[in-house]
Amino acid sequence: MKTLWGKPVAEEIYLRLEEETARYIQSTNHAPYLAVILVGSDPASSSYVSMKEKACDRLGFDHATYRFDESVSEEKLLSLLSKLNDDPKVDGILVQLPLPDHLDAAKILETISPLKDVDGFHPVNVGNLLLGNPSLVSCTPLGILKMLEYYEIETAGKHVVVVGRSNIVGKPIAALLFQKGWDATVTICHSKTRNLRGITSLADILIVAIGQPLLITPDHVKEGAVIIDVGINRIEDAGRARGYRLVGDVDFEHVASKTTAITPVPGGVGVMTVAMLMNNTLQAAKKRRNEAEILA
Ligand code: NAD
């Protein structure tokens with residue numbers, strides 16, 4: 001059994017991005033620019049935003065974080081987004097989720113220009129992904145693809161079972177893996193799936209993104225399967241100073257010995273997401289500048 005750590009994969013991507021960014025800055029005299037919008041003071045969201053800021057600093061990207069009180073109006077956010085869409089120095093725009101209930105997240109995400117949608121959530125990017133066209137791909141599914149590549153996990157002709165049908169993980173990773181080039185046969189399971197065990201235990205590659213701590217146990221898994229665990233869940237742990245620990249959706253301790261390879265939580269897929277956001281910001285910057293040059 002091999003543990004599929006995210007760190008070496010993310011590090012390799014950062015090294016490539018460092019070189020690519022330096023070349024980009026040299027040839028354009030502009031640093032890629034990421035604008036982040038953070039509403040409220042949720043500690044997890046604030047910590048994700050600060051990780052994104054640090055990654056920008058490491059690579060030499062320019063960035064700005066727009067912080068708003070929990071009670072901010074939708075109009076105010078929409079008006080900021082439209083300014084950022086029109087601002088030629090801004091390459092990527094990200095709205096940190098989740099948003100408070102009074103804000104229409106779908107409407108806000110759809111207001112971001114698809115060319116600057118570095119989270120890959122805009123319907124135009126999601127549609128292009130499904131069609132197999134070039135698009136900005138959401139960061140967690142893209143991170144999973146990079147891990148499969150790095151660890152040379154063959155997907156062609158394999159049966160991939162994806163558990164979870166969220167817009168940010170389940171749907172896009174399923175839609176990516178059946179495209180030409182990845183060539184997997186994909187089954188999607190969700191909360192209303194009957195006989196989940198029966199289906200997951202057919203998987204050559206099992207990708208789980210449900211947010212249910214340790215739900216996947218050995219009887220869900222075929223001997224020799226590869227498991228990608230996207231879940232990040234807090235469970236109480238009186239033995240830890242902070243009172244909890246992080247676990248995945250898969251019961252790693254009991255499942256690992258049945259697999260040929262499995263991602264750990266923490267330290268697996270989660271490590272990839274910010275690296276992929278940086279990748280998307282640089283790609284968005286390059287694409288917009290190339291198009292501007294072609295039009296000039
Ligand atoms: P979500 O909460 O939006 O949706 C959960 C999905 O799981 C739904 O489609 C639901 O149908 C399915 N589901 C729930 N219970 C199920 C069950 N018992 N059997 C089968 N299907 C079930 O999901 P999300 O936003 O994709 O997040 C899933 C998990 O992945 C969470 O733990 C989240 O924290 C984590 N996550 C991690 C990253 C990362 O590593 N960077 C990114 C996004 C999400």
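The values are calculated or read from the model by the stated rules, or taken from the named source; none is laboratory data. Keep in mind the model is a prediction, meaning the values are calculated, not measured. A quick note on method: Cβ atoms are made from the backbone with ideal geometry, for glycine too, and the neighbour counts reach across all protein chains shown.
Values as computed for the structure displayed
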read-out: Residues that are more than 16 Å from the ligand (Cβ to nearest atom) and either buried (at least 16 other Cβ atoms within 10 Å of the Cβ) or within 15 Å of the chain's Cα centre (by Cα) (or both), drawn from the stretch 152-177; value: 153, 155, 158, 159
read-out: Members of the stretch 214-248 that are surrounded by 12 or more Cβ atoms within 10 Å (Cβ to Cβ), away from the ligand (no atom under 16 Å from the Cβ) and not charged (D, E, K, R); value: 218, 225, 226
read-out: Criterion: assigned by TED's automatic domain parsing to the domain that holds residue 34 and within 16 Å of the ligand (Cβ to nearest atom) - qualifying residue of 86, 119, 101; value: 101
read-out: Filtered residues of the stretch 123-139 (kept if buried (at least 23 other Cβ atoms within 10 Å of the Cβ) and not hydrophobic (A, V, I, L, M, F, W, C)); value: 125, 138
read-out: Residue check, residue 210 within 15 Å of the ligand (Cβ to nearest atom) and at pLDDT 95 or above; value: yes
read-out: The stretch 178-192, residues that are more than 16 Å from residue 229 (Cβ to Cβ), near the ligand (Cβ under 6 Å from one of its atoms) and touching a residue at least 24 places away in the same chain (Cβ under 8 Å); value: 190
read-out: Top-ranked residue of the stretch 20-56 - restricted to ones that are touching a residue at least 40 places away in the same chain (Cβ under 8 Å) and part of a loop (DSSP other than H, G, I, E, B), ranked as nearest to residue 271 (Cα to Cα); value: 42
read-out: Given (1) of a type in the set (A, V, I, L, M, F, W, C); (2) touching a helix residue (DSSP H, G or I) at 6+ places or on another chain (Cβ under 6 Å); (3) within 25 Å of residue 234 (Cβ to Cβ), number of the condition residue 59 does not satisfy; value: (3)
read-out: Single condition residue 52 does not satisfy, out of (1) surrounded by 13 or more Cβ atoms within 10 Å (Cβ to Cβ); (2) more than 28 Å from residue 148 (Cβ to Cβ); (3) of a type in the set (D, E, K, R); (4) modelled with pLDDT of 95 or more; value: (2)
read-out: Which listed residue is crowded, with 17+ Cβ neighbours inside 10 Å, of a type outside the set (D, E, K, R), assigned to a helix (DSSP H, G or I) and out of contact with any Lys or Arg (no Cβ under 7 Å at 6 or more places or on another chain), from 103, 17; value: 17
read-out: Failed item, numbered, when residue 202 is tested on (1) surrounded by fewer than 18 Cβ atoms within 10 Å (Cβ to Cβ); (2) within 9 Å of the ligand (Cβ to nearest atom); (3) of a type in the set (A, V, I, L, M); value: (2)
